[in-house]
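Below you'll find the structure, written out as structure tokens, and then a few comments.
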Amino acid sequence: MVLKLNAIAKSYAGAGRAIPVLKGVDLDMSPGATLALTGESGSGKSTLLHIAAGLEPPDSGQVIVDGQDLSKMDDSGRAMMRRGTLAVVFQQFNLIPSLTVSHNIAFQARLAGKEDATYNEHLCDRLGLAAHLDKYPETLSGGQQQRVAIARALAARPRLLLADEPTGNLDESTAAEVLSSMMDLVQESQAALLIVTHSESVAQRMAQRLHLTGGTLT
Amino acid sequence: MNGQSRVILHALASHWWRNPLQLVTFLAGLALATALWSGVQAINSEARASYDAAAATLGEGQFDQIVARDGGRIPQSDFVALRRSGWLVSPVVDDRRSGIRLVGLEPLSTPGGLPDLELDPDAPLQGFLAGDILFANAETAELLAAETWSQALQISLAPGVAPGIALGDIGVVQRVLGRDDLDRLLVAPDQPRRRAPLSEVAPGLELQASLQRSDLGQMTDSFHLNLTAFGLLSFAVGIFIVHGAIGLAFEQRRGTMRTLRSLGVSLRRLTLLVAVELMALALIGATLGIILGYVVAAALLPDVAATLRGLYGANITGTLNLRADWWLSGLAIALLGTGVAMADKLWQVARMPLLASARPRAWAQATARGRLFQIGLAAVFFILAAALALYGDGLLSGFALQGALLIGAALALPALLHAALSFTEARAKTVTVQWFWADTRQQVPGLSLALMALLLAVSANIGVSTMVSSFRLTFIEFLDQRLASELYVNVASPEDSARLEQALMRHADEVLPLLSQPARAADMPIDLDGIRVGDTYRDNWRFLAAMPDAWNKVASGEALIANEQFARRAGLWIGDPVTVSGLPALPMAAVMADYGNPRGQIVVSETVFRQSAPDAVPRSFGARTADVPGLMRALQDETGLSEAAFINQATIKDFSLGVFERTFTVTAALNVLTLTVAGFALLMSLLTLADLRIPQLAPVWAAGLTRRDLGRMELLRALALATCVFVLALPLGLALAWTLLAIVNVEAFGWQLPMFLFPADYARLGLLALLAAGLAALWPALKLMRVSPHRLLKVFADER
């Protein structure tokens, strides 16, 4: 299994009491699997993805990524996992504004010590970024910025790609293009893909689909 | 450093390459703060090193000395008589030629040995006595080389000799000066028990204990106190600017840091690398600052040197040396300030949620509770200041009072601004004006640190300027009083004195003989002066305190006048009886100001003076006349006195005024520098807030205000806030001036300076503060005027 979530529970502090968001969620993903996670706003989809990425700790339960238990790791250990084993694509792109496109793409792979210039070139060609390598993120359109974020995530050859509303900030046709490119590259690298989305069309393109409601998956 | 750290550092540093102007601002801020601190330290350190060199060269302050009672020279025969009667004394000749102080020592008997002259350590005496040699530092050696009388001498470079002094064997110096007598005798600390009393061996000489003599360091401390006050305040302002600069560096990269964390950079590594990066920048900024500080100090030092020479006769070198104590302190201040500011920000980064969207900083959102807490704390500091003013004692308490006042005022500032802006907001007539004041109030928490820095800078400038200007005014008035005569004439012999007095009686409107001799009163050495009380004294001398009819009582020999130093040290005041050696006890009729004089002084009428010294002859005369050149000519014709015997009052006053003008150059330069630093602090804060401003301003822009309007209002806002700060800084600065003049000065030097107000100076300072604030706001305002509509619209797009 690339990702295994066991009985994940999480609640947030509300007005004088804790509001449970996740109530013992279990999930398994094998290499090459694609999974869409849907649910109402505030249902806890993004929280689950953040827990899977080690960005947020669960109140209880086990997060196992590529055989390693994140819940037993300290901050440095979880950072190490985010660097090399898994990667996250955010709705807001989260590019480093002061670095050029090529430096942004190479950034995570360099951190992980896995930079492969040929593979980066391949990613840029496939994502249509070859003409923009020396530009800075602020000069690119939203769709182009998200392609850079995807290239950055895949350049480190992660075993698991987690995407939080990756097309949420894009128009319909750009969203479709970006999603296609991402799906193709994920398939090519045999990574597992967990995507959080509101979009019915995005969800339909995934092999598996789960709905989060009332803190549990259905 | 491994590859990953390099990648992260590259990402962090790339921000500066993309925003070079911000890097320049950041480094310039740090450099200016360091420059101001290290510049002031450099000047102080150079001056102190010069005093130390002078003390080491001349044995000043270390050993008791024997001097002539009449202040004149010591015959060689007295020295021989003292040595024969068992006194272990060493002769010194100390005189000037062509403006250079020539000091002759007897190397075998000089207590403490020779100063550091870089002689051969195995045979120092041979080196000292090798021929007609004078030892001097490079500056003085250059002056000596230009003199014809020194051509036959060998000049040896010795950096350890104090500036303006040439040192040599006593025989050599006596030959150069054409003298065979001495100026003073240094008394070795260990004397034989059986030796004849000084009064028997040489009745014309007296012993001066080392601690009773005027010490150069003490005399010049008042001047250095001003500089140190500036240094301390610039340090405080510097800390604010460093804090602002670090805050800016963090705020602008908050998003990048969050991204780095989400991409797998551990908190520990990120914290470490940010610290490394900022410390490296601080090091660059501090180095630039030290260079700048050196330039500032080197530019100001000749003026400072001239001021000290003019005021106190203290020689300090006009060139600056790179001394470790000041440049290290500059470096330490910059790194320490960066460390403190960084620790706070790193703590924020550590607690920063990894996923939260960008939101305004917590410190930019003040709560009413926070304001109340600050006001409470400010009240505690004000109460402490009041307690120190009422019950405090000593120099330290004076400085503590200043500190408490400054901290209290800085803490109270945000709440006072909040109240003032709420008041104006409530009275606004139009919706735009109302929004302007409300928005200004909203900015106060974010700008409060920078505004506090501006408050400190402006109030410090008002305080120090008031002190310096009050000193200047008082000193000029004092000179007018004490140098009321148009012409002064000095004579060397009793015969000359009698001849001169007769000539003066014939030609001058009023003759004022000045009698003077050392005496003792209230167990301390004093100068006893005898004067001929007349209209000049009655019309010109102003007293700090006096009994009614004081002059008549002094004139009739029923009372005396004391200087403030004596009155305060002896704990005596008007009406108290004072016993001066050789005179009956007389009540103190008046206390006079006597600035810059460390010794006690008592003035009596000529008649009373003669009771103590019947044979005393005036060696100096003041003369009143409407025609100074005419009187000089007549006196020269009749008495044959040389031109050197005459001192024109106008010349002394011009010289004194010149000295003060130089003091003002120093003060004015430091004023401009502190305000520039405060302006930078404001610029840093405004730039830090600039990104936060977009979401705040976008709705107003959408509602119909143009970007130009918004930019203009940003500028107006900075000016409005600076005006408020100035209004608050004025009473604070005056309170500071009062503590400097009435508390610190009295504790440090024994005399109080009256305080004067200088509204024109304050208005100029106010304009300078507005200029600094306006310039600081200009860049952010221009940026806002040019912000693209797309960026403003994105605010609404992101809110979907």
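Here are the numbers for this structure:
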read-out	value
Subset of region B:156-170 [assigned to a strand (DSSP E or B) and under 21 Å from B:Leu108 (Cα atoms)]	B:Ser156, B:Ile165, B:Ala166, B:Leu167, B:Gly168, B:Asp169
Candidates B:Leu673, B:Leu689, B:Leu683, filtered to the one that is surrounded by 15 or more Cβ atoms within 10 Å (Cβ to Cβ), modelled with pLDDT of 75 or more and either farther than 29 Å from B:Ala35 by Cα or in contact with a helix residue (DSSP H, G or I) (Cβ under 8 Å, 6 or more places away or on another chain) (or both)	B:Leu683
Flag for B:Ala11 being in contact with a Leu (Cβ under 9 Å, 6 or more places away or on another chain), modelled with pLDDT of 85 or more and not in a loop (DSSP other than H, G, I, E, B)	yes
Residues within region A:29-51 that are of a type in the set (Gly, Ala, Ser) and either over 19 Å from A:Ala192 (Cα atoms) or within 13 Å of chain B (Cβ to nearest Cβ) (or both), tallied	6
Any hit, region B:516-539, residues being surrounded by fewer than 17 Cβ atoms within 10 Å (Cβ to Cβ), closer than 21 Å to B:Gly640 by Cα and free of Cβ contacts under 8 Å to residues at least 12 places away in the same chain	no
Sole residue being of a type in the set (Phe, Trp, Tyr) and more than 35 Å from the chain's Cα centre (by Cα), chosen from B:Trp551, B:Trp541	B:Trp551
Residue selected from region B:692-716 under the condition among the basic types (Lys, Arg) and at pLDDT below 90, by the criterion surrounded by the fewest Cβ atoms within 10 Å (Cβ to Cβ)	B:Arg708
Any hit, region B:1-10, residues being of a type in the set (S, T, N, Q) and either within 29 Å of the chain's Cα centre (by Cα) or away from chain A (no Cβ under 11 Å) (or both)	no
Matching entry among B:Thr271, B:Thr256 (being more than 40 Å from the chain's Cα centre (by Cα) and either surrounded by fewer than 19 Cβ atoms within 10 Å (Cβ to Cβ) or farther than 17 Å from B:Ala13 by Cα (or both))	B:Thr271
Where B:Ala703 falls short, out of the listed (1) touching a residue at least 60 places away in the same chain (Cβ under 8 Å); (2) more than 35 Å from the chain's Cα centre (by Cα)	(1)
Enumeration of residues in region B:252-276 that are more than 19 Å from A:Ala106 (Cα to Cα), touching a residue at least 12 places away in the same chain (Cβ under 8 Å), assigned to a helix (DSSP H, G or I) and not small (Gly, Ala, Ser)	B:Arg254, B:Leu267, B:Arg269, B:Thr271, B:Leu273, B:Val274, B:Val276
Test for B:Thr424: is it out of contact with any helix residue (DSSP H, G or I) (no Cβ under 6 Å at 6 or more places or on another chain), among the polar types (S, T, N, Q) and surrounded by fewer than 20 Cβ atoms within 10 Å (Cβ to Cβ)	no
Qualifying residues in region A:56-80 (those that are within 18 Å of A:Leu193 (Cβ to Cβ) and buried (at least 22 other Cβ atoms within 10 Å of the Cβ)) - the one farthest from the other protein chains (Cβ to nearest Cβ)	A:Val63
Any hit, region A:81-99, residues being more than 14 Å from chain B (Cβ to nearest Cβ), part of a loop (DSSP other than H, G, I, E, B), hydroxyl-bearing (Ser, Thr, Tyr) and under 19 Å from the mean Cα position of the chain (by Cα)	no
Members of region A:108-122 found to be facing chain B (nearest Cβ under 10 Å), in a helix (DSSP H, G or I), farther than 22 Å from A:Leu170 by Cβ and not small (Gly, Ala, Ser), listed by number	A:Arg110, A:Leu111
Qualifying residue in region A:123-134 (condition: surrounded by fewer than 17 Cβ atoms within 10 Å (Cβ to Cβ), touching a helix residue (DSSP H, G or I) at 6+ places or on another chain (Cβ under 6 Å) and part of a helix (DSSP H, G or I))	yes
Residue within region B:605-615 that is outside any helix (DSSP H, G or I), in contact (Cβ under 8 Å) with a residue 60 or more places away in the chain, touching a strand residue (DSSP E or B) at 6+ places or on another chain (Cβ under 8 Å) and under 30 Å from B:Phe471 (Cβ atoms) present	no
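The rows are residues; the columns are (1) under 26 Å from A:Ser76 (Cβ atoms); (2) touching a Ser or Thr at 6+ places or on another chain (Cβ under 8 Å).
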position: A:Met1; (1), (2): yes, yes
position: A:Ala13; (1), (2): no, no
position: A:Val21; (1), (2): no, yes
position: A:Gly44; (1), (2): no, no
position: A:Leu55; (1), (2): yes, yes
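Residues are listed down the side, and each one gets a yes or a no for (1) at pLDDT 90 or above; (2) within 13 Å of another protein chain (Cβ to nearest Cβ); (3) in a helix (DSSP H, G or I):
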position: A:Ser102; (1), (2), (3): yes, yes, yes
position: A:Gln145; (1), (2), (3): yes, yes, yes
position: A:Val148; (1), (2), (3): yes, yes, yes
position: A:Ala153; (1), (2), (3): yes, yes, yes
position: A:Leu162; (1), (2), (3): yes, yes, no
position: A:Gly168; (1), (2), (3): no, yes, no
position: A:Thr174; (1), (2), (3): no, no, yes
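The values are calculated or read from the model by the stated rules, or taken from the named source; none is laboratory data. Note that the structure is predicted; figures quoted are calculated from it, not measured. Note: ideal-geometry Cβ built from the backbone for every residue, glycine included; neighbour counts use all protein chains shown.
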